[in-house]
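The values are calculated or read from the model by the stated rules, or taken from the named source; none is laboratory data. All values derive from a computational prediction rather than experimental measurement. Ideal geometry is used to build each Cβ from the backbone, glycine not excepted, and the neighbour counts take in all protein chains shown. For accessibility, only protein heavy atoms count, side chains too; no ligands or nucleic acids. Shrake-Rupley method; radii C 1.70, N 1.55, O 1.52, S 1.80 Å.
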Amino acid sequence: AAFAGGGSPRRADPVLAAAGETGAGSAVVRPGDPYPLAVAAIAARVAAALAHLHAAGTAHRDLKPANVLVGPGGHPYLIDFNLAVAAGDRAAGGTPAYMAPEQLRAAAGVGGPAD
């Protein structure tokens, strides 16, 4: 929705509008924020969520744009834990277009297990 007008948006407003909020209160992204700053703020929250998962001993294994919902105020929510495993599990899994090369090789049976 943020790219509906063609080209990259200059401000965070289309991101917030697509999420259904203007970014009031404890927002990650606020109206008028530069678009790159908004994207970085959302990505930092996703990275923090992944760090929390890894510290708890869980690997998501299917991180992709479709599995990150952006809610009111630009708060990202990581969803779809169907492929999640214990962090030490080295089996390959995920959506091929978003898998790391070593995961693709492991899934194809070429080379060792994914790490």
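Which value, in debye to the nearest 20, describes the size of the charge dipole of the chain about its Cα centre when Lys and Arg Cβ atoms bear +1, Asp and Glu Cβ atoms bear -1, and nothing else is charged? Write down the numbers at each step before the final one.
Working: 8 positive and 8 negative charges, 34 e Å.
The dipole of the chain has a size of about 160 debye.
Determine, at each q value in 0.14, 0.20 (inverse angstroms), the log₁₀ of I(q)/I(0) that the Debye formula gives when each Cα of segment 14-100 is one equal point scatterer.
Cα-only, vacuum Debye calculation for segment 14-100: -0.54, -0.91.
May I ask you to give the percent of accessible area on the chain that is carbon plus sulfur, with a probe radius of 1.4 Å? Could the numbers behind the result be given before it?
Values: 4040 of 6740 Å².
Answer for the chain is 60 percent, counting heavy atoms of protein chains only.
On average, how much accessible surface per residue is there in segment 70-111, in Å², for a 1.4 Å probe, leaving out ligands, DNA and RNA?
Values: 2490 Å² over 42 residues.
Per-residue value: 59 Å².
Taking K and R as +1 and D and E as -1, what net charge do the other residues with C-beta under 15 Å from the C-beta of R10 add up to?
After counting each charged neighbour, the total is 0.
Which angle between 0 and 90 degrees, to the nearest 10, do you get for helix 35-55 versus the longest principal axis of the chain when only C-alpha atoms count?
Long axis of 35-55 versus the principal axis of the chain: about 40 degrees.
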